[in-house]
Each structure stands twice: as structure tokens, then as C-alpha cells.
Amino acid sequence: MKFVVSKKALEEEIKALSKVINKKNALPILSDFVLEVKNTTLIVMASDGEICVQTQVQLSENEGGDGIFCLPQEDITNALKQLSEQPITIEASLELGNCTVTHSSGSFSFICESSDEYPKPHFPSPESTAINIDTEQVKKAIARSLFAVAHDELRPVMNGIHFNFTKEYTDVVASDGHRLIRNREYGVIVDYPASFIMPAKAAKFINTALGKDGGQVTFQFDDNNCVATFDSTTVNFRLIEGRYPNYDSVIPKKTNHDAVVDRLSLINGLQRVSPFANESSNLIKFTFNDNVLTLDAEDFDFSRTATNRVACDFSDKQLAIGFKGASAIEILKNLTAPEVIFKIVDPSHGCIIIPNDDDITEEEITALLMPMLIND
């Protein structure tokens with residue numbers, strides 16, 4: 001096999017696919033890239049055994065016909081990053097177990113392997129469901145949800161992002177039991193309800209790989225496997241099996257107190273007081289009273305406290321509720337509206353946080369933050 005390809009084009013795809021490869025692999029061959037030549041196209045593949053990603057690069061020349069082989073990730077990455085943009089010639093011989101990368105001023109040589117032992121991607125069954133979603137909607141929903149994904153060995157269904165398709169809307173949801181984010185897209189509907197749970201690693205890769213130039217993502221899935229296709233990239237991954245909890249049931253239908261707060265001012269206030277909170281609990285006391293939100297943090301073990309006041313729109317009688325500061329900051333950073341609304345039932349129930357943005361019509365973003373016990 002011998003072909004000519006743009007150094008820059010190949011390096012860009014290899015950099016993206018490197019995020020899939022683990023530092024330590026049960027199968028040594030999973031430390032390799034698979035390169036497959038088909039006519040004037042080079043298909044590059046990487047896998048960790050659960051997620052398999054394929055991208056395509058156009059060849060300048062195909063001098064040796066079609067073929068497939070594996071190259072060590074570290075060797076090909078190190079070779080390419082030392083070169084300026086130029087056409088490079090790659091010649092691989094499985095009989096000799098050797099690959100040579102020739103450039104304008106020299107060459108690199110390292111081993112290549114057969115792809116026979118490389119795990120094959122898993123595909124959904126022929127009766128699978130296929131759904132198209134705008135790239136921008138997928139990217140925004142995943143980006144807003146990743147922070148809330150759990151890392152729970154006892155409840156694996158929480159370790160991913162739940163996509164729930166209905167006739168009226170599509171929900172993209174993540175929760176770790178203490179915080180929840182629900183992205184409801186009214187512009188994405190289906191004839192028959194369907195759902196799947198995307199593993200966090202697949203979600204991170206898709207979020208990074210998706211461009212900003214429009215287009216659509218096609219999800220084709222059954223009960224066990226899913227293929228996400230966009231641009232020239234295909235991501236195959238195993239779904240997390242199990243039934244996702246009824247997230248709508250934990251979101252209060254009716255609240256008793258509303259407070260409108262400037263989002264950035266609140267983030268800044270929380271960042272000022274958080275270093276003075278107890279290191280293990282990170283408890284911040286929120287006190288709403290007379291259009292002022294007072295943030296209090298204290299750590300009795302080291303005799304330190306901090307207070308910060310933020311203007312807010314709140315006209316009810318004084319209300320105090322405790323939250324984990326880091327969780328509140330993460331939720332606020334993943335919303336984009338200038339103001340947010342805190343919708344509170346009472347200090348013992350979960351608090352809803354939503355953007356205060358009348359311009360949002362096609363989507364509804366709802367965050368839920370569970371309270372912590374405070375000592376008055």
C-alpha cells in the first residue's frame with residue numbers, strides 16, 4: 001500500500017481520534033489507529049473497545065491500491081507533528097511489518113500491523129430507529145448536560161446522557177442525583193417514542209467533534225448500539241443498558257417563591273465565598289430578603305467565614321436555603337441568559353433554576369439543584 005496525503009488533513013483527524021484511545025488498553029492493538037485505503041479515500045479509525053470512531057481524508061494519490069493496516073498512535077502522531085504542511089507519502093508493507101512516511105526532507109520508519117485482531121465496530125440491527133437532529137441543537141444540549149453526568153458504579157444508567165424522543169418534544173437529560181439538567185427541544189419530534197442513554201465518553205467526543213457550520217447528526221440505534229453520523233465522521237458506541245429514572249417526577253410542578261438574579265453577578269459572588277466554605281461539604285447559605293441575595297460560607301474548623309451580597313428581584317418574606325457552591329456554579333455557567341430564575345418550594349425541596357429569557361421559544365432549559373441542610 002502506498003498513497004499520498006496532506007500532512008495537515010491527516011494530522012487533524014488523528015488528533016481528534018486520539019481522544020478515543022485509552023492510555024492503557026486490555027488489548028495492545030487498541031493503542032493503534034486503523035488506516036484503510038479505498039480508491040481516493042483514507043478511512044482512519046480508533047477505538048477503546050466500547051466506542052469506535054471513523055473519519056475520512058481525501059488522498060492526493062493512491063499508488064498501491066486498496067488495503068488496510070494498523071499504525072501505533074504514538075509513532076504516527078510524533079512523526080506528523082514535526083512536519084510543516086506538505087504532501088507526505090505513506091508506504092506500508094504487512095509482509096515486512098514496516099511503514100515508511102516520506103516527506104520533503106527525509107522519512108520516518110516504524111512498525112505496522114494487520115488489522116485482523118482489531119475489534120470491529122458494533123452496529124444497530126436492521127430494524128433500528130433513525131432520527132436526524134440539527135448539529136447546533138445536539139452540540140448545545142450535550143455541552144449543557146455533561147457536567148451533571150454521574151460516576152456511579154452502582155447505578156450505571158446515571159453515567160450517561162439520556163435522549164428521550166416523543167411526539168411533542170425531545171428531552172436531553174443528565175443527573176447525578178444531586179443536580180439535574182433537562183434540555184427540552186420542541187423542534188425535534190418523532191412519530192413513535194424512543195430513547196437511549198449515551199455514555200459520557202461518546203458524548204464528550206461528539207460534543208468536541210461537532211462543527212459550527214450547520215448540518216445534521218443522524219442517530220441510528222436499537223436497544224444495545226448506536227451510530228452517530230455527521231460530516232465525514234461516524235461514531236459507533238454501545239448504549240448504557242437499563243431504564244433511566246423518571247426525571248420529570250422529581251421536578252416540582254408548583255413552587256412558592258421566585259427570585260430573579262443576574263447570572264454573572266451570582267457566579268462572581270459564589271466564587272468569592274466558596275474558598276471559605278467547609279472543604280468537605282462546600283455548603284453555601286443562600287438568604288433571599290428585600291431584593292437582596294446574601295451568600296454566606298463558613299468553616300468552623302479553621303475559623304473563617306465569608307459573606308457576599310447580590311441584588312435580586314425577590315419580594316416574599318425572608319427565605320434561607322443551602323446549596324453546594326460548586327454545583328450551583330456549574331449550573332449557572334452552563335446557562336447563557338443574562339438572568340436566571342430560582343423557583344423554590346421550600347428549603348427542603350429541590351430548587352428549579354431556569355433562564356430568564358423570553359426569546360427562547362424552541363427549547364426549554366430546566367436545572368434542578370437539591371438543597372443541603374443548614375443550621376440557623
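The values are calculated or read from the model by the stated rules, or taken from the named source; none is laboratory data. Note that the structure is predicted; figures quoted are calculated from it, not measured. In this analysis, Cβ positions are derived from the backbone assuming ideal geometry, glycine residues included, and neighbour counts consider all displayed protein chains.
A few points about this structure:
- Residues within segment 230-272 that are under 24 Å from the mean Cα position of the chain (by Cα) and basic (Lys, Arg), tallied: 3
- When segment 329-342 is filtered for residues that are assigned to a strand (DSSP E or B) and crowded, with 20+ Cβ neighbours inside 10 Å, the ones remaining, listed by number, are 340, 342.
- Taken over segment 51-74, the criterion of being over 20 Å from residue 116 (Cβ atoms) and not β-branched (Val, Ile, Thr) is satisfied by 56, 58, 59, 60, 61, 62, 63, 74.
- Residue in segment 172-180 that is over 30 Å from residue 71 (Cα atoms), outside any loop (DSSP other than H, G, I, E, B), at pLDDT below 95 and touching a strand residue (DSSP E or B) at 6+ places or on another chain (Cβ under 6 Å) present: no
- Members of segment 292-328 that are of a type in the set (Asp, Glu) and either within 20 Å of residue 258 (Cβ to Cβ) or assigned to a loop (DSSP other than H, G, I, E, B) (or both): 313, 316
- Just so you know, in segment 260-291 the residues that are in a strand (DSSP E or B) and charged (D, E, K, R) include one that is nearest to residue 304 (Cα to Cα), and it is 285.
Per-residue answers, yes or no, for (1) touching a residue at least 24 places away in the same chain (Cβ under 8 Å); (2) in contact with a Lys or Arg (Cβ under 9 Å, 6 or more places away or on another chain):
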| position | (1), (2) |
| --- | --- |
| 104 | no, no |
| 109 | no, no |
| 118 | yes, no |
| 125 | yes, no |
| 133 | yes, no |
| 136 | yes, yes |
| 140 | yes, no |
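- Cross-chain or 6+ apart pairs with Cβ under 6 Å, segment 157-175 first and of a type in the set (D, E, K, R), then crowded, with 18+ Cβ neighbours inside 10 Å: 171/164; 171/182; 171/184
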